[in-house]
Structures are given as structure tokens and as C-alpha cells.
1. Would you confirm whether any residue within region A:304-318 is of a type in the set (A, V, I, L, M) and either more than 15 Å from A:Gly287 (Cβ to Cβ) or modelled with pLDDT under 95 (or both)?
2. Condition test on A:Thr98, is it polar (S, T, N, Q), without any contact (Cβ under 8 Å) to a residue 60 or more places away in the chain, within 25 Å of A:Gly287 (Cβ to Cβ) and assigned by TED's automatic domain parsing to the domain that holds A:Leu113?
3. Considering region B:420-440 alone, what residues qualify as being facing chain A (nearest Cβ under 9 Å) and without any contact (Cβ under 8 Å) to a residue 24 or more places away in the chain?
4. Looking at A:Leu219, A:Leu211 in this structure, which one is under 22 Å from the mean Cα position of the chain (by Cα), not charged (D, E, K, R) and not in a loop (DSSP other than H, G, I, E, B)?
5. Any residue at all in region B:319-342 that is touching a residue at least 60 places away in the same chain (Cβ under 8 Å) and among the basic types (Lys, Arg)?
6. Search region A:224-265 for residues being β-branched (Val, Ile, Thr) and at pLDDT 95 or above, and hand back the single one that is farthest from A:Arg208 (Cα to Cα).
7. Do the conditions hold for A:Glu182, that is, is it more than 28 Å from A:His40 (Cα to Cα) and buried (at least 21 other Cβ atoms within 10 Å of the Cβ)?
8. Just one of B:Ser104, B:Ser122 is over 26 Å from the mean Cα position of the chain (by Cα) and small (Gly, Ala, Ser); which is it?
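The values are calculated or read from the model by the stated rules, or taken from the named source; none is laboratory data. Computed from a prediction, not measured in an experiment: that's the story for all the values here. Cβ placement follows ideal geometry from the backbone for every residue including glycine, while neighbour counts extend to all protein chains displayed.
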Protein chains: 2
Amino acid sequence: MNAPRARVVVIGCGFGGLEAVRTLSRAPVEITLVDRTNHHLFQPLLYQVATAGLSAPAVSAPIRHVLRREMRRGNLTILQAAATDVDVERREVLLAATGDGHGSIDRIGYDHLIVAAGSANSHFGHADWAVHAPGLKTLADALDIRARVIGAFEAAERCADDAAGAAWLTFAIIGGGPTGVEMAGTLTEIARHTLRGEFRRCDPSRARVVLIEGAERILGTFVPTLSQRALEQLERLGVDVRTGCRVTAIDQGGVDYEKRAGDAITRHRLDARTVIWAAGVAGVPLGRALAHATGASIDRSGRLAVEPDLSLPGHPEIAVVGDLAAAFTHGPDGPKPVPGVSPSAKQMGRCAAANLLRRVRGEPTQAFRYVDYGSLATVGRKAAIVDLTVPLIGAVRFAGLAAWLFWLFAHIYFLIGFRNRLMVMTDWAWAYLTYERSARVVAVPDSAEPAMPGS
Amino acid sequence: MNAPRARVVVIGCGFGGLEAVRTLSRAPVEITLVDRTNHHLFQPLLYQVATAGLSAPAVSAPIRHVLRREMRRGNLTILQAAATDVDVERREVLLAATGDGHGSIDRIGYDHLIVAAGSANSHFGHADWAVHAPGLKTLADALDIRARVIGAFEAAERCADDAAGAAWLTFAIIGGGPTGVEMAGTLTEIARHTLRGEFRRCDPSRARVVLIEGAERILGTFVPTLSQRALEQLERLGVDVRTGCRVTAIDQGGVDYEKRAGDAITRHRLDARTVIWAAGVAGVPLGRALAHATGASIDRSGRLAVEPDLSLPGHPEIAVVGDLAAAFTHGPDGPKPVPGVSPSAKQMGRCAAANLLRRVRGEPTQAFRYVDYGSLATVGRKAAIVDLTVPLIGAVRFAGLAAWLFWLFAHIYFLIGFRNRLMVMTDWAWAYLTYERSARVVAVPDSAEPAMPGS
């Protein structure tokens, strides 16, 4: 009577993968979770690590610790490994070699596969831009940006040349979505408040933060009135917002961009030694490998087209969830694209896991239906915008202090782990009262020279 | 009447440099502080960062923030730069180039120089050992060791070969001084308590922590009775302590060592994929450059011989303090060597600054006199040893829970910054109650493969 349990592999422990594992762990299946890092990352607060407001452990938690209760049920194995490809014929996930050669597992067989591998930074095909303009996707990215930002003020202090010093005090942020807006607002606060009185040769309050956006308005996924409110809040903080500007080149010394006004195009150069990329995301390489293996189509952002039930066409045993899926929600008004935010990843993770269990039981799968609770973005101290979708009432929109408080508590509420919530609340209360930022330290690797930004 | 103020350069913002700057900042001198990092590091707690108990920002503080009050006095400039050499003829400190070529300051003139550049790891002349057995001196070192320790358990879980898995679960610590003892005690706690129930394929509680010491007893700077108490405490925690063992080779797979018993030498091999170096320190390269430039003699540990007033022979304008100085204390019983601990570095920093001001005023300098308040070392949860020197009473020695509580509060008291004290207290209380370690996350740089220990 003991039929072998179905083997499920989940790739990635972001919001989607974590929800999938939680849903599956109570079912009679054998789960293997594979992630290339040892932690679940609360990505909505990653910009705070990059801007030295929070330490890395405050916004992340060891996967094994997050899933310790599920582990006790005895059907979950967690492996830290990078999944590189899927052998759809033999139904095996291939893992990157460790370079160790001592018997590391390098493939895992599956009956069902959930791919929740997320997205990576995309520099619109300009790989060389990535060196000068890091994006913000991983803890390593955040610590890299933190080192560059702190290092830029240090370099300005050490600089004996006025123009070069000004370029060190200019910060260009490419992309006016939520991440770019958060970064821009926080950087002005650091320059004007946190570092006040701490430098002697340069004046951090003269720092310029320039936010460059290709579209005609920032935060384009929000309604225009909220975009406008966010713009006003940003400008009040001192951010130089430039919309309708297309970046044409990025190098060590700054950014070239062109602005269109009707038919006229004007070209500009911004000397900035620190450039941060917040403009585009792409699918991870595993997405391309999977498209190649299954024949699934892939969109311009590197996302895989999925069936209504989130499976890949012709491969009901493989589901794709989260940022890697070009999914549609199937509501009464017909299909609508699902935004790449954490609530949608969670819902997709739960849906894919539920469909998987339906298949195990021999039942038909169901189409994914996204429940949109609204969206919110923070601009800086006491500044944010909120656009809620409240059942029966409809849209509730507000900005300013109330929106900021709402943003604050929503983010603390959704943080993984009681300990992280305490840490972040303490750090934020402290930062609010003192303007200090608690994580302003940069680990310098052992070598003859200090790590300099841009190097 | 306005004679130009004396220009003082202080190299290094550890315990010695920080005290020197604080002493000097109230005096009519112009100070430049140079450090290769942006933070003051509380090195006594660095092992807690390496063992994932504390985040990097909890044991360090931005130098500019620590010295913000001194900055307000208007005579202090802080530069993040690596001092590489001293031109004693022109009285200039040379700074490593930034590779920037945009007008960075690369030399600083001085009338008086205080060198507090600290020590580096020494692998007894075996540079190749450093790759496999990192030491613990900087935040980057600590994060490297953390990644290896956490990665070793992950590799064991992924390992399909029993012998290879056992080597991943074996941790060798070379050197039974305070750092080695702290690391060994904490690693057993992680293996036996923190990770319990979080793995499925391997059993972390089977991990072996082996402490290898060359001398016949651990903690050789303490009296033998306290060494013995510490040994008993370590063995109760489950540490395998091997004294009288000399390491002869370290490679990716483990450690070769030989044990002497009388005239007999037996050779041993320990298969351990994680090796941590806690055995030897050397002077930083700047020490050798300074010896070359001034003709000062340098001892086996790379420390510079100094005059009783901490100046270099023939160069009264240059003082050396802290770990880089082979200093003697000049008390009523004649000269005695000064130990390389944080209280001695602080006292040397104050003494060198006071002597510098005496020279500015045209007064004679005074010999350094070390006040020894005793020493303490922790072994693990509720286990430590304390050897206090109490005026009028003499030596007060105790071990166990009382010693551990004393160690705890002493370390919190001496932490730099109220905020760090709060963070560490909270983290320790949490860890004590739950056995959790708050910083168990490893940032993996963006690449196709996860960072594996040893690679």
C-alpha cells in the first residue's frame, strides 16, 4: 500500500518558493528546496541595507531557520546549490558543480518541479554598464552599493581637485520605480543629515542626487496623481528628478543621456562617480535554459510564458512562479498581466503548490487568480504614497505622513521572523530620532589598498 | 603672534590611535587621522561576527561618528587611505594611490607622527597556509570565516560521500590563545544547539571541533590553574583540545601536525575542510617600511623596538603604539614587556599623545608605564576565566558562571557607542534564551555558482 511519495523540487526560496514549500510541507510529498544562498531575503527593504540603514541580517533570515517547523515534518530537504539547468526528459534538476570533487550531489530527480528562481538585473543589453552601475537584487549587491556610497564621500574628502570632488558628491540613480525613488530619497537624507559635521574638507550637504527616468513620470505603475505627489515629495527632499531621459552610456565618470521634447533631442552628460541601476530586471539564466529545454516562449524581460495554471506549455509537471513567470490573472474581466511584486509571488507560490497537489490526487488544476490589495512606495522620511484596493469600497489613495506610517508598519508586519521585526523597529526608531544610520561600516578585504568605489 | 600649529598625523584608528586623537583634539595642534577602513573595530568581539552571533555593524562604528565631537573642535581631518610608507627626511606620510588619478591626496606632511597601525595575521612564514586557514583581524576576515563555517554545514548536507561529509563537519582551530578558545567554544555551541533539527541528510551535532595548540597548555598568558579550568570547560562543551602539537602543513583538506612526547615525535593528519588560524600575529607591512626608513629594529613578531617614551630611536618625532610597538613598561621593578591587548594600546595612545604635547611645549617626555588591570577570556556559554589585579588586594582569580557574567558586562561596557551596547545586549539576551544566532546569513556575490568555502 505504500506507494512512493511524489518527489517535488522547488528552486528558489524567495517569496514564491517559500510559500510553495510551506503549502507542500503538510502534504504526503517529498520536497527538496534548492537555493543558491543560505537565506530568504526580504527584498522590499534591501535598499535600506544599501543605504546603511539596516544590517544584512536584519532583512534576511537563514532558510533553515525560517523553515525549521516544516523541517520537523520530515519530508523536506534543503540544499544550498545553484540550479543551472533542467533535464526535462530524465526529470532532473542539474546543480552547479562545487569545484570540490568530493561527492557533492549534482542532480536531483523530480516528479513535479516548481521554479521560483526570481529575476536578475538587466542593463538593457549593456553588460559593460553593470560594472559602473550596480543593480540591487542580492545582499551582495546591497553591500557593494553601500561600499560605493560611503566610499564616495570618503573619496570626496580626500580629493584635492574641485571638479573631481563634485563628481564624487554626485549620485545618479537610473530608474524612477519604487527602488530608485527609495534610494534617491534616502541618499539625500544621508548627505544632508546623517553626515552633517563629520567632514572637514568637503561638504556632504552639497551632494547632488539625480534621479533619471525614461518615462514622462516616475512610479509609472501608480496613478498620475500619486506619481505627482511622490515627485513633489522627492523634490522637497532635494532630489533632482529628470524624467523623459534615456540613458545612452555609463562609464566610470558618469552618465550620458538624451532628453526628448517633442521632436527635439538634447544630449546631456552628468559627471557622477556613483551610479546606481534601478531600471530594468531580466529573468535569471535558468529561465533561458528552461525555455530552451521545454520550448516555452520567453518575453523581452526574460520571463517565461505560462499556462493559466502557471505550468509550462506541454509540461504540466513544471510550474513557474514569481518574477520569472509572465503570468496573467484570470478574473471575471478576462486575463490581465500580474505585476512582479512580492504579494503576487506569494500567491503564485501557493497556487502552484495547490495545483501540484491536485495533480497528485488526480484532480484538474485551477487557473491562477491574483488578488490585488494595492501598492505602496516610500520616498523618504515622512513621505510615501499608498494606493489600496479595499473590497466593497474600491481605491483608497493617500500620500505624506499617513502613507509613510502605513508603509512602515506594513513592512515590519510582513518581515520574516519576530527577531527581524524587533531589529528593524529598533533601528528605525533610533534612525528617526537621531538621523544616524546604524550600518555605516564597510568591510575592506585584506590587501595593500583600501577598497575604493568604482574599483 | 600666531605661530603655525604643529601638524600631527595619526595612522590607524584602533584602540591606540583613537585614544591618541581624543587626547590631542583639545590641544592647539592640527591633526590628520588616516585609516584604511571607515570604522573603528571592537576587536575583542570580532569572533562573534565570525561565528554569526553579531552583525558587523554591532562591533564596529564609523570613525567619523565616533569622533564627531572631536571634529567640532575644528582641528581634526579624517582620511580613509592606506598609509604605505613614511618619508622621514621630508616628514611626509605616503598614501596608497587610489587608482583614480583625479587629484587624491597622496602624501601628508607632519611635524609629529603617531603610528598605531596594528598587527596582521602571521602564518609563520607559510603564506600558502593563509588561503586555507584565514585569520581573524578585520571585519572582512570575520565575514570570510562566517561564510566558511556556515558553508561547511551546507556542503556536508549536500555531500553524498561519508568520509568527505565528515571532513566538512570537522573544524580545526590553530592556536589556543583567547581567540582560538572563544572560536572553539562557540563553534561547538552552534553545532550542538543552534543548528539542531535544521538538517536532514547530515547531523550537525556530530561535528568535531579540534583545537590545536603548540605549547603544553592553552591560554599560556594566564596562570596554570586558570588554563586548567578553561581546558575543563572547553572539554565539557565537547571541544577536542590537543596541546603540544606543532602544525607542519595546511591544505584544502586539512592539517598535518606532529606531537612531541619526550623525545618521541608522532605525526598526525586531521581531515578538516574548515581551518581557522588563531596562532600568530605579525606587524603590518608599514612597520617594516618604517624600520627600513628609520633604522629601528624589528622583532620576530614584526614589532618595532621603541624608546621608553614610545618614540623611535633617533626619531623623537615618531611614536609607535599598540600592537606594532615592542614596548616595555617602566615601573619600580624595572622594564617588563607590555602585552598586546586593548588596554595597553589605549594607554600607549594616551602616553604618546601626552609626550607629543610635552615636546610641543618644550618639556621632556615621560616613560610609558603600563597599568595592568588583569585579563579575562571566555570559553562559551556560562564559561570564562578572569584574573584581575586589584589595587591593595592583589590577584583575584575566578572561573565559571561568575567569570562569564564579568566578561559579558566588561565587554558591553567597553564597546564604543551607546547604540552598539544596546544592539549587543539585545542580541546576546536573545541568543542566550533561544540558542539562535542572529547573523547567520552569507552574502553570495553574483556569479553562476554559490560561494563555497575553501574556494
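1. Looking for residues that are of a type in the set (A, V, I, L, M) and either more than 15 Å from A:Gly287 (Cβ to Cβ) or modelled with pLDDT under 95 (or both), one finds none in region A:304-318, hence no.
2. Details: polar (S, T, N, Q): yes; without any contact (Cβ under 8 Å) to a residue 60 or more places away in the chain: yes; within 25 Å of A:Gly287 (Cβ to Cβ): yes; assigned by TED's automatic domain parsing to the domain that holds A:Leu113: yes.
Taking the combined requirement at face value, the residue satisfies it.
3. Within region B:420-440, B:Leu422, B:Thr426, B:Trp430, B:Thr434 meet the criteria.
4. Being under 22 Å from the mean Cα position of the chain (by Cα), not charged (D, E, K, R) and not in a loop (DSSP other than H, G, I, E, B) holds for just one of A:Leu219, A:Leu211, which is A:Leu211.
5. Scanning region B:319-342, I find no residue that is touching a residue at least 60 places away in the same chain (Cβ under 8 Å) and among the basic types (Lys, Arg), so the answer is no.
6. Out of the qualifying residues, it is A:Thr225.
7. When the stated conditions are applied, A:Glu182 does not pass them.
8. On the way: B:Ser122 fails: over 26 Å from the mean Cα position of the chain (by Cα).
Only one candidate passes the filter, namely B:Ser104.
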